[in-house]
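One structure is given below, encoded as structure tokens.
The values are calculated or read from the model by the stated rules, or taken from the named source; none is laboratory data. No experiment lies behind these values; they were computed from the predicted model shown. With ideal geometry, Cβ positions are generated from the backbone for all residues, glycine too; neighbour counts draw on all protein chains shown.
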There are 2 protein chains.
Amino acid sequence: MSALLEQLIDALRVLPGVGQKSAQRMAYHVLERGREGGARLATALAEAVEKIGHCQRCRDFSETPVCPTCSSAARDAQTLCVVETPADRLAIEQATGYRGFYFLLQGRLSPLDGIGPHELGLDLLGTRLAEGEVRELIIATNPTVEGEATAHYLAQIARQHAVRPSRPAHGLPLGGELEYVDRGTLSHAFGSRSEVS
Amino acid sequence: MSALLEQLIDALRVLPGVGQKSAQRMAYHVLERGREGGARLATALAEAVEKIGHCQRCRDFSETPVCPTCSSAARDAQTLCVVETPADRLAIEQATGYRGFYFLLQGRLSPLDGIGPHELGLDLLGTRLAEGEVRELIIATNPTVEGEATAHYLAQIARQHAVRPSRPAHGLPLGGELEYVDRGTLSHAFGSRSEVS
């Protein structure tokens, strides 16, 4: 087999859920029927990897120091919604009418994996809450064991800054991933969020 | 969402079997945990799309005018094996002891899709057989309706050049349960049974 082809098949395996067979199929497909798309993907990938960093305010992926959402004047500065990942943020943005700001943990508390408050940017979150504008912190971490522990920790931080913590209503299937919840359920749960006591 | 990110997600959909959700997951995964691999993939993809063409002799993907297999002096020039795709060629090369040459159709006869003898490079195959070195043409197209029609056509070409056409045996797959074999295969295997010596 061509060395370049072998190299491509090997490189494709960086993608999640892609093993040897799928990588082969993808490489052949691109070479046979998608050269133009393949070139476009190569460019998009190189650009994204090089230029996309994290927003200084919300930690979401962004190609500018502050992302468009955080720079928006049309958003409600009194609510801040904490999510684990960009996919979670996107799901909320698409399914609900929420128009406050976001804060992305890019993970969840997991001491065994060496992921503590610092890795989740909680010092940045503290500074943000200390600014005094935020009234309500919507804690939309995943309803998993680690997500709940993270939520508990976040609620404490909120209270330290006299900010009201809340959680989206139960109705989210326990043990599920927020990213994959259907829109109706997510919207309902988001709408009937309750204060953390 | 970042424009570059959106562009990346969109570009990822060129890959077979990748929809919006998978593309999102792949993009986030690369940005979160696989930037180095992502950069490597971008380079490999750009290089492959630009530099990999087709071998002039066998039509397999190759970065040189004639691929390493076709340039090999260690192969048996008397047998030529025709397959539909590079994946088929690879499967035969890995599973069997075959050490002759290959010829790739990169498809199969399908008049409705505008794929005729010319698109499959059959003029090139004719020239190859006319050289007179090949004694046996192993026709390893897939056992589908179109593959069988293609095989029939290829056998005619072989006979025109006084080359012996052959087909891999059809029958029950090894290790399979008779109960679960499809009717066509079972019927064929039953009809062409051979005497046990």
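Below is a table of values for the structure above.
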item	result
Residues within the stretch A:121-143 that are in contact with a Ser or Thr (Cβ under 9 Å, 6 or more places away or on another chain) and closer than 21 Å to residue A:162 by Cα, tallied	7
Residues (part of a loop (DSSP other than H, G, I, E, B) and among the polar types (S, T, N, Q)) located in the stretch B:118-141	B:141
Odd one out for residue A:53 among (1) among the small types (Gly, Ala, Ser); (2) more than 8 Å from chain B (Cβ to nearest Cβ); (3) crowded, with 20+ Cβ neighbours inside 10 Å	(3)
Tally, over the stretch A:90-107, of residues that are assigned to a strand (DSSP E or B) and either facing another protein chain (nearest Cβ under 9 Å) or under 14 Å from the mean Cα position of the chain (by Cα) (or both)	4
Filter result (touching a residue at least 12 places away in the same chain (Cβ under 8 Å), more than 14 Å from chain B (Cβ to nearest Cβ) and not polar (S, T, N, Q)) within the stretch A:60-89	A:74, A:75, A:76, A:77, A:80, A:81, A:82
Checklist (1) exposed (fewer than 12 other Cβ atoms within 10 Å of the Cβ); (2) at pLDDT 90 or above; (3) under 21 Å from residue A:71 (Cβ atoms) applied to residue A:129, failing item	(1)
Cβ-Cβ under 7 Å pairs, at least 6 apart or on other chains, the stretch B:117-137 side among the small types (Gly, Ala, Ser), far side in a helix (DSSP H, G or I)	B:126/B:157
Test set (1) in contact with a His (Cβ under 7 Å, 6 or more places away or on another chain); (2) under 30 Å from residue A:72 (Cα atoms) - residue A:16 fails condition number	(2)
Tabulated pairs, the stretch A:16-30, first closer than 19 Å to residue B:88 by Cβ, second modelled with pLDDT of 90 or more and assigned to a helix (DSSP H, G or I), C-beta under 6 angstrom, 6+ apart or interchain	A:23/A:9; A:23/A:12; A:24/A:9; A:26/A:12; A:27/A:8; A:27/A:9; A:30/A:38
Residue count, the stretch B:146-183 (criterion: assigned to a helix (DSSP H, G or I) and under 19 Å from the mean Cα position of the chain (by Cα))	10
Residue in the stretch A:64-99 that is surrounded by the fewest Cβ atoms within 10 Å (Cβ to Cβ), counting only those that are among the acidic types (Asp, Glu) and either modelled with pLDDT of 90 or more or within 16 Å of residue A:143 (Cβ to Cβ) (or both)	A:76
